[in-house]
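Undergrad: Take this structure first; my questions come after.
Just so it is clear, none of the values below were taken in a lab; they were calculated from the coordinates. These numbers were taken from a predicted model, which means no experiment stands behind them. As a convention, Cβ positions derive from the backbone with ideal geometry for all residues, glycine included, and neighbour counts pool all protein chains shown.
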Amino acid sequence: MKIETLLEAKSEADHLHDRAMLMAVDDIRSDVKAIRKDLDEDKADLAGLKNRGAGILVGVAIAAGGIGAGFGKFWQWLAGIAT
């Protein structure tokens with residue numbers, strides 16, 4: 001075989017390999033974009049839950065404080081009746 005023929009065959013094989021690699025990179029790029037989008041959505045959902053959880057904790061703390069104060073007044077009232 002002539003060297004020119006071998007070089008042309010090698011060039012063609014390299015060209016096909018390069019095209020295949022570019023297609024694979026494009027597929028990977030689209031997959032990474034989809035994963036990034038999902039992660040951003042999950043991050044936003046978690047931030048919403050975190051804010052909601054903090055609000056629930058504040059509400060529970062206020063309710064517990066009110067119950068505790070009411071129970072203290074009830075206990076004082078009950079102790080006043082007993083004496």
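Undergrad: Kindly provide the set of residues from region 1-10 that are surrounded by 10 or more Cβ atoms within 10 Å (Cβ to Cβ) and not charged (D, E, K, R), ordered by number. Full working, then the answer.
TA: Taking region 1-10 first, the residues surrounded by 10 or more Cβ atoms within 10 Å (Cβ to Cβ) are 6-10.
If the condition is that a residue be surrounded by 10 or more Cβ atoms within 10 Å (Cβ to Cβ) and not charged (D, E, K, R), then Leu6, Leu7, Ala9 are the ones that fit.
Undergrad: Just need a number here: residues in region 60-83 that are β-branched (Val, Ile, Thr), surrounded by fewer than 10 Cβ atoms within 10 Å (Cβ to Cβ) and in a helix (DSSP H, G or I). It would help to see each step written out before you state the result.
TA: Let us first name the residues in region 60-83 that are β-branched (Val, Ile, Thr), namely 60, 62, 67, 81, 83.
With surrounded by fewer than 10 Cβ atoms within 10 Å (Cβ to Cβ) added as a condition, the list becomes 81, 83.
In the following step, the residues that additionally are in a helix (DSSP H, G or I) were identified as 81.
Number of matching residues: 1.
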